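The block underneath contains the structure these notes are about, expressed in structure tokens.
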Amino acid sequence: MAALQADDPLSRAFAEARAAAARDEAPIGAAVMRDGVVIASAGNRTRELNDPTAHAEMLAIRAACAALGAERLVGCDLYVTLEPCAMCAAAISFARIRRLYYSAPDAKGGAVESGPRFYAQPTCHHAPEVYAGLRESEAAELLRAFFSGKR
């Protein structure tokens with residue numbers, strides 16, 4: 001497994017979000033860290049891949065699983081610039097991510113502390129520790145700037 005350069009995982013997620021915006025994708029980025037090393041990162045690619053599941057979190061989880069040769073990411077932490085949706089929250093649970101760190105809440109599409117609160121449901125088999133609001137204003141401004149250009 002060739003690990004990516006160790007760095008601040010949230011900064012890596014923001015770099016992925018900016019790269020996504022440059023591709024005309026929603027500016028959302030994610031990074032998976034294990035033992036102090038970022039092992040995978042990704043930005044949204046739903047438009048590029050014509051794939052509604054190609055969210056940053058899904059792509060980063062897939063890449064991390066491939067890098068580790070495992071279906072579960074026990075001991076891994078996920079950093080995301082926006083609160084995950086229900087699909088991504090489920091994937092995070094299924095992957096057994098240890099900790100989830102995210103920047104901006106998503107009142108409209110989020111499913112962690114907004115909307116359905118996926119991890120609080122009795123049918124959720126694994127809930128990561130959740131830490132919200134990291135660099136929230138930076139993430140919110142990135143999203144606002146991107147979508148204001150679309151209107």
Karplus ³J(HN,Hα) for segment 114-120 (6.51 cos²θ - 1.76 cosθ + 1.60, θ = phi - 60°; Hz, whole; x = Gly/Pro) runs 10, x, x, 6, 3, 6, 8
May I ask what percent, to the nearest 5, of DSSP beta bridges between residues of the chain are antiparallel?
-> 55 percent
With bins of 5 Å, the percent of all Cα-Cα pairs of segment 1-100 per bin from 0 is 3, 16, 27, 27, 18, 8, 1
Positive minus negative residues near C124 (Lys, Arg vs Asp, Glu; Cβ under 13 Å) = +2
Percent relative contact order of segment 1-110, based on C-alpha pairs within less than 8 angstrom and at least six residues apart?
-> 23 percent
Computed over the chain, protein heavy atoms only, probe 1.4 angstrom, the accessible area per residue in square angstrom equals 49 Å²
If you place +1 on the Cβ of every Lys and Arg and -1 on the Cβ of every Asp and Glu, how big does the dipole about the Cα centre of segment 12-143 come out, in debye to the nearest 20?
-> 280 debye
In whole Hz, what ³J(HN,Hα) sequence does segment 70-76 give by Karplus (6.51, -1.76, 1.60; θ = phi - 60°), x for Gly and Pro?
-> 9, 8, 10, 10, 4, x, 9
Between A90 and V130, what length in nm is gained on full extension when 0.36 nm per residue of separation is reduced by their alpha carbon distance?
-> 13.0 nm
Would you calculate the separation in nanometres between label points at V37 and R23, each defined as 7 Å from the Cα along the Cα-to-beta-carbon direction?
-> 2.4 nm
In order through segment 104-112: 3J(HN,Hα) via Karplus (6.51 cos²θ - 1.76 cosθ + 1.60), integer Hz, x for Gly, Pro = 8, x, 10, 4, 7, x, x, 9, 9
If you place +1 on the Cβ of every Lys and Arg, -1 on the Cβ of every Asp and Glu, and leave all else neutral, what size is the dipole of segment 31-89 about its Cα centre, to the nearest 20 Debye?
-> 100 debye
Taking a crude spin-label model, label points 7 Å out from Cα along the C-beta direction, the E71 to N50 distance in nm is 2.9 nm
Could you please report the charge total around A22, scoring K, R as +1 and D, E as -1 over all other residues with beta-carbon less than 13 angstrom from its beta-carbon?
-> 0
Accessible area of the chain belonging to carbon and sulfur atoms, whole % at 1.4 Å probe = 53 percent
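The values are calculated or read from the model by the stated rules, or taken from the named source; none is laboratory data. Remember, predicted model here, so these are calculated numbers, not experimental data. Using ideal geometry, Cβ is built from the backbone for each residue, glycine included, and neighbour counts are taken over all protein chains shown. For accessibility, only protein heavy atoms count, side chains too; no ligands or nucleic acids. Shrake-Rupley method; radii C 1.70, N 1.55, O 1.52, S 1.80 Å.
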